[in-house]
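Right, one structure below, let's go through it.
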């Protein structure tokens, strides 16, 4: 039978059916793809919500440093330690640290600098500091573990003291909240006291061992003597009082000359106190004179050439850009004396010095040892920690010279008749009492000064090379650090 030819309507109907079928397939594909995409979004959302739970922030691996896994909470510890250290010193003339970010704006939204097409935010800056701290900490911590290094009782107490000062006191006395809420507020939402204490112990162990590595660098005594002889003028120690008068008027110069006529340190202090003033126009406060004890090379440039020619009690005036500096030399030293090893703590509050003497009587009535001095002072600090008589725990200070010992007890410490075990209590200019136990003398000061500089240079070179070899790799939960 002959095949019947389709009419125009039948052909159009079949074309419409084919188009409808194609449209249904495309719609079905869109539904499937859209559903899969939605499922993916839901899964990713659930994934992110799930893995931002504390358990993953505390147990998951964010970084591996030389193979050791660090959780996001551990990273937060180092990040905020680096952050607060910088912020506490920012703007400090002594530290030399400059500006700081706006604490009300997220760090990743604040540009620190842009150079050669690269933009660095404050978040990048603190991440870099945190990662260097991590590299350094785990490098020395691993060395300490391999060497079988153990902490002394005093070092253990230093760790506790750091926790008390930075966490316990800030939480309880300043913000009046618990330790855990404080840690979550200031060190990340997943931080706990257990994690913080563990990381703190690792950090301090590394720092203690790093100090040991630094202090075991050997330099021949003859090399130290030769270096000092070649740079003696720079290391020469000067002790002086300095006062600054702002202004470029004849009155300013006349006052400066009046101060320069002071016959004694007490007169100089009194005259300086008389001219303390607040200049409303320049918003500048001129305080009293300040005591300086430093090597000549670190002293004010206006007087570096004057110090070697001056005698104790001499005064000088130097005109600066916006005022006058007035200085009185109190003394000088060629550093030819032995450094001192000391143990001391401070007491603040009314009658602090009397309480210091009371402590010494209690200590002498007991064991009277270096260990009991430390233990009693630490216990005393804990007992009175929340009262007006706030105390610092006893700390051992090795190789102290006339510029590093508190000024109030410098003469006592370097009295040639001083013997190991001697004790005293002094009232400092800062209003605190210093309770001290003398342990003994060490090497000559001039050798220690040179040793500190040369050994620091050699250690720094070795340290940079060593840290460059420390591997730092991102872990599976690294993204939590961005949350």
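Summary of values
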| read-out | value |
| --- | --- |
| Filtered residues of region 396-443 (kept if touching a strand residue (DSSP E or B) at 6+ places or on another chain (Cβ under 9 Å) and in a helix (DSSP H, G or I)) | 407, 408, 409, 410, 412, 413 |
| Selection within region 399-417 - farther than 18 Å from residue 294 by Cα and either outside the structural domain of residue 344 (by TED's automatic domain parsing) or at pLDDT 90 or above (or both) | 412, 415 |
| Residue ranges of helices (runs of 4 or more DSSP H) in region 114-191 with at least 1 members closer than 21 Å to residue 472 by Cβ and touching a strand residue (DSSP E or B) at 6+ places or on another chain (Cβ under 9 Å) | 122-146 |
| Of all residues making up region 151-164, the number that are loosely packed, with under 13 Cβ neighbours inside 10 Å and at pLDDT 90 or above | 1 |
| Every pair of residues 6+ apart whose Cβ atoms lie under 8 Å, when the first sits in region 427-440 and is over 21 Å from residue 338 (Cβ atoms) while the second is modelled with pLDDT of 90 or more and part of a loop (DSSP other than H, G, I, E, B) | 428/406 |
| Residue under evaluation residue 98, criteria (1) under 28 Å from residue 68 (Cβ atoms); (2) at pLDDT below 90; (3) within 16 Å of the chain's Cα centre (by Cα), criterion not met | (1) |
| Those residues of region 201-230 which are closer than 20 Å to residue 333 by Cα and without any contact (Cβ under 8 Å) to a residue 24 or more places away in the chain, in sequence order | 226, 229, 230 |
| Test: residue in region 231-241 that is surrounded by 13 or more Cβ atoms within 10 Å (Cβ to Cβ), in a loop (DSSP other than H, G, I, E, B), in contact with a strand residue (DSSP E or B) (Cβ under 6 Å, 6 or more places away or on another chain) and in the same structural domain as residue 313 (by TED's automatic domain parsing) | no |
| Residue match in region 246-254 (condition: farther than 23 Å from residue 445 by Cβ, in contact (Cβ under 8 Å) with a residue 40 or more places away in the chain, assigned to a helix (DSSP H, G or I) and not assigned by TED's automatic domain parsing to the domain that holds residue 407) | yes |
| Boolean, residue 225 is out of contact with any strand residue (DSSP E or B) (no Cβ under 6 Å at 6 or more places or on another chain) and modelled with pLDDT of 95 or more | yes |
| Residue in region 379-395 that is in a helix (DSSP H, G or I), surrounded by 15 or more Cβ atoms within 10 Å (Cβ to Cβ) and at pLDDT below 85 present | yes |
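This table checks each residue for (1) modelled with pLDDT of 95 or more; (2) in a helix (DSSP H, G or I); (3) not assigned by TED's automatic domain parsing to the domain that holds residue 289.
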{"position": "312", "(1), (2), (3)": "yes, no, no"}
{"position": "318", "(1), (2), (3)": "yes, no, no"}
{"position": "324", "(1), (2), (3)": "no, no, no"}
{"position": "328", "(1), (2), (3)": "yes, no, no"}
{"position": "355", "(1), (2), (3)": "no, yes, yes"}
{"position": "372", "(1), (2), (3)": "no, yes, yes"}
{"position": "376", "(1), (2), (3)": "no, yes, yes"}
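The values are calculated or read from the model by the stated rules, or taken from the named source; none is laboratory data. Keep in mind it's a predicted model, so treat the numbers as computed, not measured. All Cβ positions, glycine included, derive from the backbone under ideal geometry; neighbour counts span all protein chains shown.
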